[in-house]
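> Structure incoming, see below.
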Amino acid sequence: MLSKRTIIGLVVGGAIIAIGGYSLLTHIGPLTVYEDYTVAIGDSMSYTIPAPNHTPQHMMIVGEAFDLQLASPATGLQIPLSSYKNELKLDWVHLEDGETRIKIQNTGDSELHVTGELIRSSDPIWFTYDLMVITSGMVIIGFSMGFTLRKPKGF
């Protein structure tokens, strides 16, 4: 017969393992990220997009006036420091694995609104984090099973 604490530990540990497993599956492969930024007057924003080969990227910048510099890996889209007014739509494809670097400076008298649909590589740290969550669920189950074998003094 399983004790009450063992059953609770099994349920909680199983739930933690399920959450970690689901998170591990969602972090495999490229991730689609929807960005929505506001850049204040006179401020700048830098953004780095690590992405695999042949991934399409889309970004739209709306504001009175701004400077933009973009460098994509290999011979992809390259924009030297240039000034723009009103609206800019950027669509490009990564031609090899690497990082696109974007720098935007608001030079107008109103805020900039930056939106984008970006496909990026998953960060390897998430894999480690998900494994740690799964391991913690296994530890909880292990401790709770100890209550079934023999009850320590004080319980």
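The values are calculated or read from the model by the stated rules, or taken from the named source; none is laboratory data. This is a predicted model, so every value here is computed, not measured. Heads up, the Cβs are rebuilt from the backbone with ideal geometry, glycines too, and the neighbour counts pull from every protein chain shown. Side chains included, ligands, DNA and RNA excluded: accessible areas come from the protein's heavy atoms. Shrake-Rupley method; radii C 1.70, N 1.55, O 1.52, S 1.80 Å.
> Only one of D109, D91 is within 25 Å of N53 (Cβ to Cβ) and either free of Cβ contacts under 8 Å to residues at least 40 places away in the same chain or exposed (fewer than 14 other Cβ atoms within 10 Å of the Cβ) (or both). Can you tell me which? Full working, then the answer.
Working: D109 fails: within 25 Å of N53 (Cβ to Cβ).
Going through D109, D91 in turn, just one is within 25 Å of N53 (Cβ to Cβ) and either free of Cβ contacts under 8 Å to residues at least 40 places away in the same chain or exposed (fewer than 14 other Cβ atoms within 10 Å of the Cβ) (or both): D91.
> Taking the options G116, G14, name whichever one is assigned to a helix (DSSP H, G or I) and either out of contact with any Pro (no Cβ under 8 Å at 6 or more places or on another chain) or basic (K, R) (or both).
Details: G116 fails: assigned to a helix (DSSP H, G or I).
Checking each option against the conditions leaves just G14.
> What residue, of L31, L25, L10, is at pLDDT 90 or above and closer than 22 Å to I125 by Cβ?
On the way: L31 fails: at pLDDT 90 or above; L10 fails: closer than 22 Å to I125 by Cβ.
Just one listed residue meets the conditions, L25.
> Scanning the range 3-51 for residues that are over 30 Å from T107 (Cβ atoms) and of a type in the set (S, T, N, Q), which turns out least open to solvent (accessible area, probe 1.4 Å)?
Taking the range 3-51 as the starting set, the residues that turn out to be over 30 Å from T107 (Cβ atoms) are 3-32.
Pick out the ones that are also of a type in the set (S, T, N, Q) and you get 3, 6, 23, 26, 32.
Values: S3: 25, T6: 0, S23: 27, T26: 60, T32: 69 Å².
Of everything passing the filter in the range 3-51, T6 is least open to solvent (accessible area, probe 1.4 Å).
> Right, next: How many residues are more than 18 Å from V33 (Cβ to Cβ) and open to solvent by less than 80 Å² (accessible area, probe 1.4 Å) if we restrict to the range 96-106?
Taking the range 96-106 and keeping what is more than 18 Å from V33 (Cβ to Cβ), we get 96, 103, 105-106.
Right, trim to open to solvent by less than 80 Å² (accessible area, probe 1.4 Å) and you get 105-106.
The total comes to 2.
> Quick check on the range 112-135. Is at least one of its residues under 30 Å from G20 (Cβ atoms), surrounded by 12 or more Cβ atoms within 10 Å (Cβ to Cβ) and more than 20 Å from the chain's Cα centre (by Cα)? Don't jump to the end; show me each part of the working.
Of the residues in the range 112-135, the ones under 30 Å from G20 (Cβ atoms) are 116-135.
Adding the requirement that they be surrounded by 12 or more Cβ atoms within 10 Å (Cβ to Cβ) leaves 116-123, 126-127, 129-131, 133-135.
Of the ones still in play, those that are also more than 20 Å from the chain's Cα centre (by Cα) are 135.
Checked the range 112-135: at least one residue is under 30 Å from G20 (Cβ atoms), surrounded by 12 or more Cβ atoms within 10 Å (Cβ to Cβ) and more than 20 Å from the chain's Cα centre (by Cα).
> Where residues in the range 61-88 are of a type in the set (A, V, I, L, M, F, W, C) and farther than 15 Å from N106 by Cβ, which of them is least open to solvent (accessible area, probe 1.4 Å)?
Our first condition is that a residue be of a type in the set (A, V, I, L, M, F, W, C); within the range 61-88, this holds for 61-62, 65-66, 68, 70-71, 74, 77, 79, 81, 88.
Now drop any that are not farther than 15 Å from N106 by Cβ, which leaves 70-71, 74, 77, 79.
Values: L70: 4, A71: 43, A74: 55, L77: 53, I79: 23 Å².
Going through the qualifying residues, I end up with L70.
> Got a sec? Which of S122, S136, S83 is in contact with a Leu (Cβ under 6 Å, 6 or more places away or on another chain) and of a type in the set (S, T, Y)?
Values: S136 fails: in contact with a Leu (Cβ under 6 Å, 6 or more places away or on another chain); S83 fails: in contact with a Leu (Cβ under 6 Å, 6 or more places away or on another chain).
The unique qualifying residue is S122.
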